[in-house]
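Asker: First the structure, which I've put down as structure tokens, then a few questions once you've had a look.
The values are calculated or read from the model by the stated rules, or taken from the named source; none is laboratory data. Keep in mind that this is a model prediction, so the values were computed, not measured. Please note: Cβ atoms are built from the backbone with ideal geometry, for glycine as well, and neighbour counts cover all protein chains shown.
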Amino acid sequence: MIDLAAKVRFLSDVRSYPRPAFSVEARETHMSWVFLTDDRVYKLKKPVRYPFLDFRALARRRFFCEEELRLNKKLAADTYRSVIPLRCDLSGHLNLAGEGRVVDWLVKMKRLPEADLLDARLRNGLVTRSDIQKLGELMASFYSGCPPQIEDGGLYLKNLAKEQAVNRAILGQPALGVADAALPILDIADARFEELATRIKARIEEGRIVEGHGDLRSEHVYVGTPMQVIDCLEFDRTMRIVDPYDEINYLGLECAMLGAGWVRTVLLDTLETHLGARPDDEVLAFYGSFRMLLRARLCVAHLLDSVVRDPKRWPALALAYIAGAKRELTAPCLPIRKSNRLRAGA
């Protein structure tokens, strides 16, 4: 049996690739190994099981590789190329272009310059208002082409409730060091959710909820030609059932964490121009607080790994996200609506 370690060793070797490569860099995530050659990226899903996914079976890894390709073709067709087999021949040698039984599957992608991802561009002061308007228009066009999820829209409310409960279960653990800061904000967020559930349900009934991207972050936006949004969440459709304004607001908040709060205003205004039906400020503030608490939870969850990488980083980053959630709930720094700005300037 070919184990994961043998696959990683093989894919970390430049001689393993049919297309000549001078270097290969291996990066590990919770769910995958990613191998970056000179101009290509190969993604191998780990045979792991979490509460939200199960990649242990080869057939499931193939299915979700194909799902990843299918979903990402919508916003990053220039990057996502194919799903390819990793084979083992009769002599026990692995290969990517020969014969033998299939022992795993990989998503093959074009490698994008990391300096042109939105987070890197923001850190270097290389993002313009025009770039963000173009991004907003790209996402508005994507959402406009997504069928309204009226029948399945209830999954959105259920997912908000479920994830908020998980946020509390993890952030509230005293050993992780953020419970004192997180629990009062979680209490406010829970009360706000109860107050606003009827308004969110009305948005579902109005057809405002769609199957979106699911993980819209600045490091997933390529500010190049053509502009693309990569890394759509493939392993759980429920997590892709979302209010477009929730996704866009979240991206704006992530950009604000990088010191570019103006991005949020431009994104929301652009989306409103094309989609209309912008939620009221209380709903947007709840959306923002929920996403900040979710990110805080994902940060401290690293401390629960069997091997913790960079342990000092995660509590500090989680506290920054918790502070962001507090601002949303107690003194929301929401962008002034475009219509209000126009009235003010009239």
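Asker: Look through Glu211, Glu247, Glu205, Glu194 and report the one residue that is modelled with pLDDT of 95 or more, more than 28 Å from Thr128 (Cβ to Cβ) and under 18 Å from the mean Cα position of the chain (by Cα).
Answerer: After applying the criteria, what remains is Glu211.
Asker: Only one residue in Glu163, Glu137, Glu151, Glu99 is in the same structural domain as Thr238 (by TED's automatic domain parsing), without any contact (Cβ under 8 Å) to a residue 60 or more places away in the chain and among the acidic types (Asp, Glu). Which one?
Answerer: Only one candidate passes the filter, namely Glu151.
Asker: Also: Quick check on my filter: what residues within the stretch 101-122 are surrounded by fewer than 15 Cβ atoms within 10 Å (Cβ to Cβ) and over 17 Å from the mean Cα position of the chain (by Cα)?
Answerer: Arg101, Val102, Lys110, Arg111, Pro113, Ala115
Asker: Sticking with this structure for a sec: Filtering the stretch 86-119 down to residues that are touching a helix residue (DSSP H, G or I) at 6+ places or on another chain (Cβ under 6 Å) and of a type in the set (A, V, I, L, M, F, W, C), which residue is nearest to Tyr250 (Cα to Cα)?
Answerer: Leu118
Asker: Quick one: count up the residues across the stretch 276-298 that are outside any loop (DSSP other than H, G, I, E, B) and either modelled with pLDDT under 95 or surrounded by fewer than 18 Cβ atoms within 10 Å (Cβ to Cβ) (or both).
Answerer: So the count comes out to 3.
Asker: Examine the stretch 4-19 for a residue that is under 22 Å from His220 (Cβ atoms) and not in a loop (DSSP other than H, G, I, E, B), and state whether such a residue exists.
Answerer: no
Asker: I need a count of the residues in the stretch 27-56 that are surrounded by 15 or more Cβ atoms within 10 Å (Cβ to Cβ), touching a residue at least 12 places away in the same chain (Cβ under 8 Å) and not aromatic (Phe, Trp, Tyr).
Answerer: Residues meeting the conditions: 12.
Asker: If the Cβ limit is 7 Å and pairs must be 6+ apart or interchain, which residue in the stretch 275-298 that is closer than 25 Å to Pro148 by Cβ and touching a residue at least 12 places away in the same chain (Cβ under 8 Å) pairs with which residue that is polar (S, T, N, Q) and part of a helix (DSSP H, G or I)?
Answerer: These pairs meet every condition: Leu275/Ser144; Leu284/Asn249; Tyr287/Asn249; Gly288/Asn249; Phe290/Gln164; Leu294/Asn167.
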